[in-house]
1. How large is the translational diffusion coefficient of the chain in µm² per second when you combine the Kirkwood radius over alpha carbon pairs with Stokes-Einstein at 10 °C and 1.306 mPa s?
2. With the contact rule set at Cα under 8 Å and sequence spacing of 6 or more, what percent relative contact order holds for the stretch 31-161?
3. May I ask you to sort 32, 55, 154 by Cβ crowding, counting other Cβ atoms within 10 Å and putting the fewest first?
4. With 10 angstrom as the radius, rank 101, 210 by how many other C-beta atoms surround their C-beta, starting from the fewest.
5. Would you order 38, 115, 152 from fewest to most other beta-carbon atoms within 10 Å of each residue's own beta-carbon?
6. Provide the FRET efficiency to the nearest 0.05 for the residue 220-residue 261 pair, computing r from the beta carbons and using R0 = 22 Å.
7. Holding the Cα-Cα limit at 32 Å, pick out from 181/231; 84/226; 51/85 the pairs that are longer than that.
8. Label-point separation (nm) for residue 235 and residue 155, each offset 7 Å from Cα along Cα-to-Cβ?
Amino acid sequence: MNRLSIIGLSLMIILLASPLSQGVAQDVRADRRYDAVTWMQASAEYHLLTKQIYRGATAQLLVALDDPHWSADEIQAVEGGFQKKLPAIILDVDETVLDNSAYNARNVRDQKYFTLEAWNAWCEERRALAIPGAVEFIHRAEALGVKVFFITDREDNVKQATIENLQKIGVQASEENVLTKNPQLDDKISRRAIVSQNHRVLLLVGDSMSDLCSGMGTREWEQRQKIASEKMELFGPRWVMLPNPVYGGWQRALPTDNNGLRVD
Ligand SMILES: [Mg+2]
């Protein structure tokens with residue numbers, strides 16, 4: 001082995017053993033999102049939990065369908081006059097039907113954070129998988145003659161990609177039943193109103209309180225907890241909540257003391 005080869009080999013050994021090369025993996029695991037993303041992707045617990053939730057939702061669907069006085073939409077329930085309307089359910093899309101954990105995993109790997117540009121590029125890939133249990137639930141609803149609507153805060157410019165991603169996981173999706181966000185229909189309440197014009201809303205399904213009711217944009221965690229307590233009886237029978245430990249409105253409303261940590 002000549003002198004240059006020995007130097008090259010020595011450099012390679014130093015690089016492989018250096019904290020820099022080992023530090024990459026350590027940094028990924030130290031990212032605050034790492035546990036949440038891997039829990040969603042790899043734990044049996046998450047997969048069982050979402051399936052359990054969707055099984056419960058299927059049972060509630062049968063109850064709701066049989067009761068013409070039943071509406072899961074708060075405004076429709078108060079306004080009344082929905083008894084003879086066609087039955088429908090409304091689902092959020094992200095982390096309710098589509099699993100975007102690969103996008104979040106990439107961000108952890110690359111030490112990047114959410115940007116609308118990168119998010120829209122991910123939506124365009126149409127590679128999100130199905131949340132366990134979601135497709136079976138949707139098929140059951142359709143078999144019962146229940147119309148399925150998707151109300152998502154994905155924007156109009158990725159509507160076609162969203163429709164095709166939903167179709168890819170085996171769900172009927174079209175211009176008509178996928179309601180994306182735009183300046184005229186910015187909030188979910190106004191899009192739920194479009195559905196409730198001609199349909200009786202049997203169930204609302206989401207991973208965020210804002211998929212179900214208003215007032216959850218607050219940055220006060222006590223206020224969020226208060227609304228959650230007031231609505232408690234709706235959860236299970238009319239509103240179905242899926243877990244999402246990676247992101248959500250709850251992050252903007254953490255207590256300011258002690259970095260949001262309660263230690264006693
Ligand atoms: Mg969502």
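Readers should treat all values here as calculations from the given coordinates under stated rules, not as data from a laboratory. Here the structure is a predicted model, which means the values were calculated and not measured. Every residue, glycine as well, gets a Cβ built from its backbone with ideal geometry; the counts of neighbours run over all protein chains shown.
1. Value of D from the Cα-based Kirkwood radius: 77 µm²/s.
2. Relative contact order here is 35 percent.
3. Result, fewest neighbours first: 32, 55, 154.
4. 210, 101
5. Going from sparsest to densest Cβ surroundings: 115, 38, 152.
6. It comes to 0.80.
7. From the list (181/231; 84/226; 51/85), the Cα-Cα distance tops 32 Å for 84/226.
8. So the label points at residue 235 and residue 155 sit 3.2 nm apart.
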